[in-house]
1. Quick check: anything in the stretch 14-25 over 30 Å from E100 (Cα atoms) and either in contact (Cβ under 8 Å) with a residue 24 or more places away in the chain or of a type in the set (V, I, T) (or both)?
2. Determine whether the stretch 58-77 contains at least one residue that is surrounded by 14 or more Cβ atoms within 10 Å (Cβ to Cβ), modelled with pLDDT of 95 or more, under 30 Å from E9 (Cα atoms) and of a type in the set (A, V, I, L, M).
3. Go through (1) in contact with a Ser or Thr (Cβ under 9 Å, 6 or more places away or on another chain); (2) part of a helix (DSSP H, G or I) for Q34 and report which single condition fails.
4. Would you call E9 over 24 Å from the mean Cα position of the chain (by Cα), assigned to a helix (DSSP H, G or I) and more than 17 Å from K93 (Cα to Cα)?
5. So I95 fits all but one of (1) under 11 Å from V31 (Cβ atoms); (2) touching a helix residue (DSSP H, G or I) at 6+ places or on another chain (Cβ under 9 Å); what number is the exception?
6. So, of the residues in the stretch 78-89 that are in contact (Cβ under 8 Å) with a residue 24 or more places away in the chain and among the charged types (D, E, K, R), which turns out to be surrounded by the most Cβ atoms within 10 Å (Cβ to Cβ)?
7. Any residue in the stretch 92-108 that is farther than 17 Å from A21 by Cα sitting within a Cβ distance under 8 Å of a residue that is surrounded by 11 or more Cβ atoms within 10 Å (Cβ to Cβ) and among the β-branched types (V, I, T)? List the pairs, counting only those 6 or more apart or interchain.
Amino acid sequence: MDIQQNVQEQLNQFQQVQQQAQSIAMQKQTVSLQINEAKKALDELSKTNDDQEVYKTAGPLLIKTTKAESEAELKDNIEMLEIRQKTIEKQEKRISSRLEELQTSLQTAMSQIQQ
């Protein structure tokens, strides 16, 4: 395989990894927003009385539930989302490292073409 074909393959690979990085960044942002939303809901719930009626959404429905059940559900949801967030951050680091490797490799290959 000649140098130009090699560079083209590396460039294609770089673009694919860039797209993966963008996808991961969007996932990270979505999960972060979900965590913040759940924490705000938990904060608002903590301001209510224990005997006050609480409703949660299930699709287009509002379902009556207890404050304790809602708090437990929100805490579980936050915990699950934080685990997901850590997983995404690990993926982000791996992808970032891979992008750096590919960029270095591309720069080396491009300098060989120019010589």
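The values are calculated or read from the model by the stated rules, or taken from the named source; none is laboratory data. It should be emphasised that the depicted structure is a prediction, and the values quoted were computed from it without experimental measurement. Glycine also receives a Cβ, built like all others from the backbone with ideal geometry; neighbour counts cover every protein chain displayed.
1. Taking the stretch 14-25 first, the residues over 30 Å from E100 (Cα atoms) are none.
No, that holds for no residue.
2. Checked against the condition, which is being surrounded by 14 or more Cβ atoms within 10 Å (Cβ to Cβ), modelled with pLDDT of 95 or more, under 30 Å from E9 (Cα atoms) and of a type in the set (A, V, I, L, M), the stretch 58-77 yields no hits at all.
3. Q34 satisfies all of (1) in contact with a Ser or Thr (Cβ under 9 Å, 6 or more places away or on another chain); (2) part of a helix (DSSP H, G or I) except (1).
4. Working: over 24 Å from the mean Cα position of the chain (by Cα): yes; assigned to a helix (DSSP H, G or I): yes; more than 17 Å from K93 (Cα to Cα): yes.
The answer is yes for E9.
5. (1)
6. If we filter the stretch 78-89 for residues that are in contact (Cβ under 8 Å) with a residue 24 or more places away in the chain, which is where we start, we get 78, 81-82, 84-85, 88-89.
Within this subset, residues satisfying the condition of being among the charged types (D, E, K, R) are 82, 84, 89.
Numbers: E82: 13, R84: 16, E89: 13.
Top of the filtered list is R84.
7. From residues that are farther than 17 Å from A21 by Cα, the pairs are L106/V7.
Okay, residues lined up against (1) of a type in the set (V, I, T); (2) under 21 Å from the mean Cα position of the chain (by Cα):
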residue: A38; (1), (2): no, yes
residue: D50; (1), (2): no, no
residue: P60; (1), (2): no, no
residue: K64; (1), (2): no, no
residue: M80; (1), (2): no, yes
residue: I88; (1), (2): yes, yes
residue: L99; (1), (2): no, yes
